1. I'm checking my understanding of the structure. Among residues of the stretch 165-186 that are away from the ligand (no atom under 16 Å from the Cβ) and of a type in the set (Asp, Glu), which one is surrounded by the fewest Cβ atoms within 10 Å (Cβ to Cβ)?
2. Out of Val285, Val290, I need the residue that is open to solvent by less than 70 Å² (accessible area, probe 1.4 Å), more than 17 Å from Glu241 (Cβ to Cβ), away from the ligand (no atom under 16 Å from the Cβ) and modelled with pLDDT of 95 or more. Which one?
3. In the stretch 226-258, what residues are among the small types (Gly, Ala, Ser) and in contact (Cβ under 8 Å) with a residue 12 or more places away in the chain?
4. Assuming Leu226 fulfils every condition listed in (1) open to solvent by 50 Å² or more (accessible area, probe 1.4 Å); (2) of a type outside the set (Phe, Trp, Tyr); (3) not in a strand (DSSP E or B) apart from one, which condition is it?
5. Any residue in the stretch 190-199 that is within 30 Å of Ala235 (Cα to Cα), within 11 Å of the ligand (Cβ to nearest atom) and in a loop (DSSP other than H, G, I, E, B)?
6. So is Gly338 outside any helix (DSSP H, G or I) and surrounded by 16 or more Cβ atoms within 10 Å (Cβ to Cβ) or not?
7. Would you check which residues across the stretch 253-272 are surrounded by fewer than 17 Cβ atoms within 10 Å (Cβ to Cβ) and assigned to a helix (DSSP H, G or I) and list them?
8. So, of the residues in the stretch 152-164 that are in contact with a Leu (Cβ under 7 Å, 6 or more places away or on another chain) and of a type outside the set (S, T, N, Q), which turns out to be most open to solvent (accessible area, probe 1.4 Å)?
Amino acid sequence: MERHVTPHHAAWEKAGIVDRDVWVAAGKQGLLGMDVPEELGGGGVADFRYNTVLDEEITRAGATGLGFGLHNDIIAPYLLSLGTEEQQRRWLPGFCSGELITAIAMSEPGAGSDLQRLRTHARRDGTDWVLSGSKTFITNGINADLVLVVARTDPDADGARGLSLLAVERGMAGFERGRNLEKVGLKAQDTAELFFDEVRVPAGNLVGEEGRGFVHLMENLPQERLSIAVVAVAACERVLELTLDYVKSRQAFGRPIGSFQANRFLLAELSTETTVARTFVDECVRQHMVGRLSVSDAAMAKWWTTDLQNKVADSCLQLHGGYGYMTEYPVSKAWLDGRVQAIYGGTNEIMKEIVGRGLGL
Ligand SMILES: Cc1cc2nc3c(=O)[nH]c(=O)nc-3n(C[C@H](O)[C@H](O)[C@H](O)COP(=O)(O)OP(=O)(O)OC[C@H]3O[C@@H](n4cnc5c(N)ncnc54)[C@H](O)[C@@H]3O)c2cc1C
């Protein structure tokens, strides 16, 4: 982080995208595809705790432009558990070296929370799928070389049935990128619109089973949500650390501002909640390691920790006074960057729907 990321991050924020070189640098350090078999260029160790360490260090560095978490925690499981041997040989070496950047495209202009309303569709024509439609809000959308696109492949199946995952590759005719979207935070992250106009996707690029795309998504979403929760807790810890330093040195009325009882109590409360969050998320990681993380627990972890992240960032910004509103202070960036955590990966309202359903309601 200190060598390859921190010195460049401000420039990437201005550019709205990270330099592809940082992906290759991460690949050289063995930070991409840690759970991919060694013979395919990966680390050969399927232990999600390595992913969490990387997510935490990226968060501590405030390097929110790096899309490594999406690549490692969200895409890798699809390629490893659903990819054919041929697909794995074709894609995973580049995935691990950082030369093949990935994305996943579920959301569309008209369908986010309600994935059953997806309009992007593909029809079979000989040995190809012919894909048309558009996606939006896609993380790594500009840099991505391989995009897992969720498309309706059976027009007659309603709702969740009839969706499939198609791997669309850079350069396929009819695959165009739209705007690199301007966002409130995550300024160095390329979040983009994608367009597909009769893209011929070879049948060999179907990932997983035809018509079971929704099931594949549901199987992988708990890890995505856990990954978001891991980042949320690390963000709370980092902002608290920054703020504790600040309130100990900033003086008002002849004393450090942290020594006023209201502020001391506030920081005591936030520190307690962060510790509770860390304890729960660590337990979720342990459950995940043995294949027992429930959909409901992952949803609880996602909504609760990201709400907390926003609360901690907001309170800590307030404790910085006017300096907190200045972009040169990292707390302001933490406040802006954290806001989306309650939105993506399934909004926190959808998380509560999942938890509620788990209660039989
Ligand atoms: C920076 C960023 C990166 C993203 N990256 C990706 C990506 O890589 N790939 C991808 O596919 N998507 C990505 N997304 C999209 C993200 O997952 C969606 O924005 C999110 O799922 C919400 O969908 P929506 O925006 O369509 O909101 P909507 O579904 O329209 O929701 C609007 C509001 O209605 C609420 N709502 C909806 N349904 C219910 C309900 N049943 N009960 C109560 N409230 C409800 C929501 O909680 C929300 O508050 C990203 C988004 C952002 C902002």
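1. Glu176
2. Testing whether each residue is open to solvent by less than 70 Å² (accessible area, probe 1.4 Å), more than 17 Å from Glu241 (Cβ to Cβ), away from the ligand (no atom under 16 Å from the Cβ) and modelled with pLDDT of 95 or more leaves just Val285.
3. Ser227, Ala229, Ala232, Ala234, Ala235, Gly258
4. (1)
5. yes
6. So Gly338 does not fit the description; no.
7. Ser259, Gln261, Ala262, Arg264, Phe265, Ala268, Glu269, Ser271, Thr272
8. So, considering only residues that are in contact with a Leu (Cβ under 7 Å, 6 or more places away or on another chain) and of a type outside the set (S, T, N, Q), the one most open to solvent (accessible area, probe 1.4 Å) is Arg152.
The values are calculated or read from the model by the stated rules, or taken from the named source; none is laboratory data. Note that the structure is a prediction, hence the values are computed from the model and not measured. All Cβ positions, glycine included, derive from the backbone under ideal geometry; neighbour counts span all protein chains shown. All accessible areas refer to the heavy atoms of the entire protein, side chains included, with ligands and DNA or RNA removed. Shrake-Rupley method; radii C 1.70, N 1.55, O 1.52, S 1.80 Å.
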